[in-house]
Structure formats: structure tokens, C-alpha cells
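S.K.: Structure in C-alpha cells, see below.
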């Protein structure tokens with residue numbers, strides 16, 4: 001048992017006469033740790049998660065150990081060297097522990113980790129740490145501080161405190177969740193913790209309140225739990241930090257590297273000196289076990305609860321793979337953590353049959369069909385990063401990537417495009433590859449906001465093009481050629497290569513390339529609009545094709561598809577850019593990871609599929625954009641259940657509507673009723689304002705549900721496998737005028753795949769209907785829901801670290817007081 005140091009009290013009063021045993025550990029786990037600002041901070045976070053893994057405080061599946069272990073090796077030892085005898089013998093894994101002792105002698109695990117490590121060639125340690133964090137945060141028990149107690153009926157439960165509120169577990173299943181907005185008051189008296197929860201949908205009614213009581217083994221443990229709740233709430237919910245009191249601990253800690261951690265500058269206010277993560281720091285982490293437990297006064301301990309508590313070992317990840325982690329909460333009987341517990345057999349069997357969401361990897365870059373000309377958009381496969389223009393289409397069809405590199409990030413960037421034609425192999429390919437900002441014409445190079453290399457609009461090959469000017473450059477592109485596109489943001493230059501051979505400087509980007517503009521070149525309006533006043537903030541990979549030309553893009557972020565000609569030196573693949581170096585294409589439509597029910601729902605890597613964890617009840621998620629009813633139009637999207645069991649519901653909500661679509665007056669759903677009567681019953685029901693009516697037909701695995709919204713007439717309807725059921729709802733004009741409507745799905749023990757138009761529809765609705773992802777800019781309403789740490793990055797940029805039983809807090813922040821690392 002350990003206790004966190006209270007920095008407002010003197011050490012002597014907290015430690016007493018005990019032996020001082022201090023441990024530097026993470027206290028608050030951010031939901032998106034990859035967005036932490038500094039490399040050193042991310043490295044500390046990665047070290048803490050590794051310790052949790054080794055101590056069995058953060059259970060995960062065999063596959064997840066392989067993935068996380070490969071990034072640990074890349075971070076600590078760098079690229080795999082086939083000439084290194086130690087690496088070939090797999091002995092080097094012993095220098096970089098990442099899993100419990102029982103797994104370290106597992107030959108299969110060692111071989112598979114090493115195999116995956118080999119695919120991470122040229123990945124820097126900082127990039128490896130980032131990918132490690134992106135995967136670790138998806139573990140089902142990441143970031144939850146668990147405390148033992150008993151509920152009002154005397155049954156043993158675990159209370160888990162995390163960034164989103166308080167979770168309640170019984171028999172290894174979550175039975176309740178109290179989000180911060182629902183918690184009215186938390187107090188303790190004696191050994192009893194009291195939590196007042198606002199119930200019902202009317203959050204303004206003070207009488208709508210329920211009191212929950214939890215009994216701990218002692219008053220000190222109740223106070224410990226109370227402090228965890230209060231401190232997590234303060235850290236994740238307060239808009240600004242209170243003015244710190246005079247510390248009772250020395251206020252400076254420079255560490256053995258001889259420099260302060262950082263100054264109080266934020267990202268937007270000038271330069272600061274960042275502490276670099278040196279190879280020596282990485283090699284110093286050689287622990288074979290978990291974190292050392294602090295010895296405290298026996299008065300703090302109670303025989304009934306003389307067990308190890310878990311700090312942040314567990315998770316409420318908002319996206320990722322639903323795997324064994326959903327149920328694997330370590331056995332808390334006795335003095336050490338036991339093997340993961342399994343759910344009941346029927347749940348285990350259902351889990352084994354669950355479809356994979358493929359979230360073992362970070363979300364990868366792809367070309368964006370929502371930001372493409374229509375013929376090319378129809379022929380794009382975002383998952384495979386491939387696209388083709390139909391033969392006979394002579395108009396150039398262009399597209400941009402779903403994200404770009406921030407112009408302010410600087411650096412040297414690279415990606416590859418393999419081109420091919422549909423004619424004889426000795427005929428040049430009608431393609432042009434390059435870069436564009438969000439204001440550029442998709443006919444690449446026709447204005448001064450995009451540049452390209454390949455065939456110009458007049459049909460001349462081996463041309464470079466910028467601002468409508470075409471010049472002879474390089475060689476003509478043939479089927480099978482791989483074009484490398486280099487962007488030097490430090491010097492404003494663009495270079496190309498064909499099959500690994502550089503062609504020399506192509507473009508010096510004009511000064512107004514990064515200047516706001518109202519329209520793109522030619523007669524085409526801006527498609528991106530990614531700047532604060534219409535101007536660009538990012539540069540996107542871009543291309544245009546015509547007359548049967550096709551392309552396969554590789555952004556360097558898929559280990560299974562290594563770059564054919566990886567760049568050397570300071571050049572980096574765009575797919576390995578850090579989160580704060582990239583900007584999403586504003587036209588991308590996805591499910592919003594920041595607008596979900598919480599830890600019981602997981603999103604796939606493309607954020608177009610969602611899976612409700614078994615036993616978590618109804619879970620919902622909204623799209624990251626909605627459609628303005630006042631703008632009119634007729635729009636369509638599709639959803640498909642991927643499991644034979646479980647329940648689902650699809651439809652539309654306003655941004656204020658419940659995610660359990662149809663449970664209030666701001667949601668219109670079709671599918672299963674909330675109670676879900678039946679064994680596998682996606683019954684034919686429509687649900688609005690919690691009123692259930694029969695509608696349409698039941699649907700199940702393999703069926704495709706079409707969702708229609710006719711804003712011209714205010715009618716919503718649904719279809720099954722292309723057969724419409726007729727109007728389901730009719731909305732009043734005043735609601736259409738004032739609201740925006742978001743595609744929304746809800747599920748219970750089910751997985752749903754969503755197609756907002758990025759892929760060809762299974763059952764196209766006809767020319768009178770527009771895919772939601774191709775809605776005009778005037779109709780789109782972006783979601784206001786953003787992640788906690790995204791907001792923090794813009795406002796405070798800080799993370800708290802604390803030390804066990806005598807440790808302090810380290811914060812990097814923007815507040816009035818300079819950030820301190822206290823020890």
C-alpha cells in the first residue's frame with residue numbers, strides 16, 4: 001500500500017520515523033498521451049506504462065505485448081542490425097524488459113517481437129515512444145486508479161478514478177460510470193465515501209439527485225480515495241490552476257543533466273529550451289520488475305487491505321481494440337497480482353468471435369475521398385491508399401490527403417506514389433504528383449497553392465508545374481514508376497525522385513504559398529479552408545489523374561508496406577510526423593473519438609467502425625461533423641452490423657442529443673429498442689424521445705442499413721439492403737432552421753461499420769442523394785467536441801507527475817508560476 005505525498009504538508013508529518021522510500025511515478029494519465037508536448041515528457045510516460053506492464057498492473061493480450069514490445073526495442077536500441085550477433089540470438093530483448101517475468105522466457109513472444117521490431121527501420125526513438133503511447137492508451141484498463149470498497153449492499157466493488165470520472169466494477173465487470181458533469185458532490189465521513197450523482201437528463205434540476213455510498217476498510221483509506229477523486233477532478237476539469245502555496249519541499253530539481261526542465265512559454269509564445277532525451281537516459285532504464293513499493297507507517301495499513309493498490313494501472317481508453325484487456329483485471333487476492341481473470345464462458349466465446357478492428361497500429365494516413373473530384377472519389381480505396389480515374393475521363397481528377405504537415409512545423413518531409421496506366425506498359429501515365437495547401441485547385445499546379453510533377457494539362461510529359469506554368473523537368477512517368485515527393489519546409493523547396501533517383505530542385509515555393517486567399521486558382525473555390533481566415537496552415541500530399549491512370553500512395557506509416565526508397569538524413573516520412581506537427585484535412589468525415597459514451601466504446605483505426613465492449617451496456621458515438629438543416633439538401637450514409645449477436649441502432653442526433661440515439665427529443669434512431677428484448681435482436685423499431693414504435697424490418701449481421709435525411713422536406717427514412725421503408729420521422733421547419741444533425745450510431749455488445757461516403761456505397765441511393773462526406777461547405781457544421789488534452793495543449797500544456805510517499809509533482813505549464821519539477 002502506498003500514499004501520494006501531499007505537497008501542502010511538511011514531509012516530516014507525513015513520513016514520520018519510517019524509512020524514506022521514494023518513487024518517481026505518473027499520477028494523472030492523460031487520455032491522449034501522444035499529444036504531450038515534449039519528447040522527455042512522453043518518454044517518462046512510456047517508462048511508467050512499461051513499469052505497469054511488467055508489474056502486471058496493466059494487463060493486456062499476447063498480441064498487444066508483441067506490438068508494445070517492438071516499439072520499446074526501437075526506442076531503446078534503434079534499428080535491428082542483422083549483423084549483430086546479440087540481436088540475432090534475441091538476447092538483446094533481456095536489456096529492454098516490457099512484460100511480466102512469466103512471459104520473458106516465452107520463445108514465441110521473443111521471436112514475434114523481434115520480427116515486428118525489424119519492420120520499424122529508420123523510426124526514431126521519439127517516434128517509437130509516440131506509437132507506443134498511441135497503442136498503450138487503448139488498453140481497456142489504462143489510466144484508472146483502483147480502490148477497494150463495498151457498496152451499500154455489502155458486496156465488494158472496485159472504484160476506479162480516471163480522467164473522465166469514476167468507474168464502479170463488480171466481479172471484474174464495470175457496472176456503473178459517474179462522469180464528472182454528473183458528480184455533484186464527493187465527501188467522506190469515517191470510512192464511508194459519499195458520491196452525489198445528478199440523475200435524469202435535466203441537468204438543471206437540483207432535485208434530480210441520487211446518493212451512492214461506498215465503505216472502505218478504514219477512514220484513512222476513505223480519505224485516500226476521496227483525495228484521488230478530488231485531485232483527478234481538479235486536474236482534468238479545472239480551467240486554470242490555483243496560485244500555488246509556498247511549497248514545503250525544495251522547489252528546484254534540475255536532475256543529473258544540469259539543466260532546468262523548461263520555462264513557462266507555451267507553444268505559441270516564442271522559443272524555449274527543451275530537455276533532450278539522450279541515449280544515456282534510455283539505457284538507464286533496466287528494471288526487470290515493476291515499480292518499487294514505498295514503505296509507510298503501519299498505521300496507514302490495515303490487515304484487511306494489506307494489498308497492493310493500483311495507480312493508473314488500468315484504463316478507460318476511448319478508442320482501440322476490444323481484447324482480453326476488457327476483462328483482464330488482475331487478481332487482487334493476496335500480496336501480489338495474480339493472473340488475469342476471464343469473463344463468463346459465454347462472454348469469452350462471444351469475444352473470440354468478435355471482428356478485429358485492426359487497432360494494433362496508429363491511425364494511418366490516407367487520401368481523402370471527401371476532398372477529391374467525383375470520378376476519382378468514386379474510384380478510391382482509402383484503406384489500401386489507392387485510387388484510379390476511369391478510362392475515358394479526360395478532365396483531371398485531383399485529391400488531397402486526409403491530413404497534412406503544419407506549415408509552422410518546419411522540417412523535411414517525404415512520401416511515395418506508385419503510378420500505373422491502363423494502356424500498354426510503354427505508354428506514359430497521365431498523372432501528376434506533388435503538394436498542395438488547403439486552398440489549392442485539385443488540378444495540381446494550376447495556381448500558386450499547389451505544385452506537381454508528371455503530365456501537364458496539355459498532355460506534355462516530364463513536366464513540373466506551379467502557378468499555371470509548366471516546364472520541362474525529369475523523366476516521363478511509366479507504369480510501375482515510384483515518385484518520391486520531397487518537401488523542405490525550412491527552405492520552402494520541393495524536389496522529386498523517380499525510382500530512388502533524385503531529379504534535382506523543382507520548385508521554390510512562392511511567398512504567398514502560405515498566405516491566406518479567398519479562392520483557389522482558376523475558377524475553382526478553395527476546398528480545404530484550413531486556415532483561421534481561409535489561409536493555409538498545412539501542406540498536404542496531393543495528386544491528380546486522368547484517363548485510366550491509377551496511383552498507390554505510401555506515407556511511410558505502415559510497417560507491412562515499407563517505403564520502396566526510404567529517404568536518408570533529415571528527411572522523414574509524413575506518416576511518422578508527431579501529432580502536433582500535423583493538421584487534419586477539414587473535409588475529413590469520421591466518427592468522433594471525443595464524442596463517445598466513454599471507455600466502453602472502441603473505434604477502429606480509420607474511425608469509421610465502432611465496437612461496444614461486452615457487458616458495458618449501450619454505447620454511442622457521433623460523427624465529427626453534422627449537416628445544417630437550414631441549408632437544405634438530401635443526404636445519405638450507410639451502416640452495417642458485423643456481429644451476429646448484440647444490438648444496434650443508427651440514426652441522427654443534434655450535438656446536444658444523447659448518444660444512445662433516440663432516447664431523448666434530440667435523436668432519431670432505427671434498430672433495436674433500448675431494452676433489447678430477444679437473443680440477437682436488432683429488431684425493426686424506431687426510437688424517438690424514448691418512445692418505441694414498430695418500423696421496417698429486423699436487421700442482422702451482413703445487412704446494410706441506409707440512412708436518409710431529406711432536409712428539403714424535413715423527412716428521415718431508413719432502408720435495409722437497398723429497400724426503403726418509407727418516412728420514419730417528419731421534423732418541423734423551426735427545428736431544421738436552428739439545428740445541425742450528426743450521423744450517430746449506438747450499440748450494445750455489437751460492432752458497427754459506418755460508411756459516410758468515403759467508400760463506394762453497397763446500395764447507392766441514386767443521383768438525387770448526396771453522400772454526407774460530399775456535402776457542400778455551406779452545409780457542414782463541425783463538432784465542438786474536442787479531447788481533454790487537445791484543449792490542454794492549446795491552453796496550459798501541462799502534465800502532472802508525482803512521487804510515491806514523499807514524492808512531489810512535476811508540471812509543465814503556462815500558468816503564472818514557473819513550472820517546477822519538485823523532488
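The numbers here are math on the coordinates, done by the rules we state, and not lab data. Just so it is clear, the model here is predicted, and its values are computed rather than measured. As a convention, Cβ positions derive from the backbone with ideal geometry for all residues, glycine included, and neighbour counts pool all protein chains shown.
S.K.: Quick one: which of 418-425, 35-42 comes out on top by average Cβ neighbours within 10 Å, and what's the full order, highest first?
M.R.: Most protected by this proxy first, the peptides run 35-42, 418-425.
S.K.: Give me the percent relative contact order of the range 369-583, please, defined on Cα pairs under 8 angstrom at least 6 residues apart.
M.R.: Here the relative contact order equals 31 percent.
S.K.: Let me ask something else about it. For the range 429-519, how big is the tail of P(r) above 20 Å, as a whole percent of Cα pairs?
M.R.: It works out to 29 percent of all Cα pairs.
S.K.: Starting from the Kirkwood Rh over alpha-carbon pairs, what translational D in µm² s⁻¹ does the range 611-731 have by Stokes-Einstein at 37 °C and 0.692 mPa s?
M.R.: 226
S.K.: Applying 1/(1 + (r/R0)^6) with R0 = 35 Å to the Cβ-Cβ distance of residue 783 and residue 106, what FRET efficiency is obtained, to the nearest 0.05?
M.R.: 0.20
S.K.: If packing is taken as the average count of other Cβ atoms within 10 Å, what order do 104-116, 652-664, 434-446 fall into, highest mean first?
M.R.: 434-446, 652-664, 104-116
S.K.: Evaluate the range 369-583: find the radius of gyration of its Cα atoms, find its Kirkwood radius, and give the ratio Rg to Rh.
M.R.: Reported Rg/Rh (Cα atoms, Kirkwood Rh): 0.93.
S.K.: Among 413, 668, what is the fewest-to-most ranking by other Cβ atoms within 10 Å?
M.R.: 668, 413
S.K.: When you count, for each residue, the other Cβ atoms within 10 Å and take the mean per peptide, how do 80-88, 609-617, 136-144 rank with the highest first?
M.R.: Per-residue mean Cβ counts within 10 Å order the peptides as 136-144, 609-617, 80-88.
S.K.: Then there is this: Please give the contour-minus-distance gain from residue 10 to residue 508: 0.36 nm per residue of separation, less the Cα-Cα distance, rounded to one decimal in nm.
M.R.: Full extension from residue 10 to residue 508 adds 173.2 nm.
S.K.: Regarding the range 61-138, what's the average projected area of the Cα-atom convex hull, expressed in nm²?
M.R.: Projected area, direction-averaged: 4.7 nm².
S.K.: Put a dot 7 Å past each Cα toward the Cβ at residue 186 and residue 20; how far apart are the dots in nm?
M.R.: Taking the two extended label points, one gets 3.0 nm.
S.K.: Separate question: Can you tell me what the convex hull of the Cα atoms of the range 1-111 projects to on average, as an area in nm²?
M.R.: The Cα convex hull of the range 1-111, projected and averaged over all directions, gives 9.8 nm².
S.K.: Looking at the calculated P(r) for the range 560-610, what percent of the C-alpha pair distances fall above 16 Å?
M.R.: 61
S.K.: Can you give the Rg and Dmax of the range 117-199 based on its C-alpha atoms, in angstrom?
M.R.: Considering the range 117-199 through its Cα atoms, Rg and Dmax are 18.2, 57 Å.
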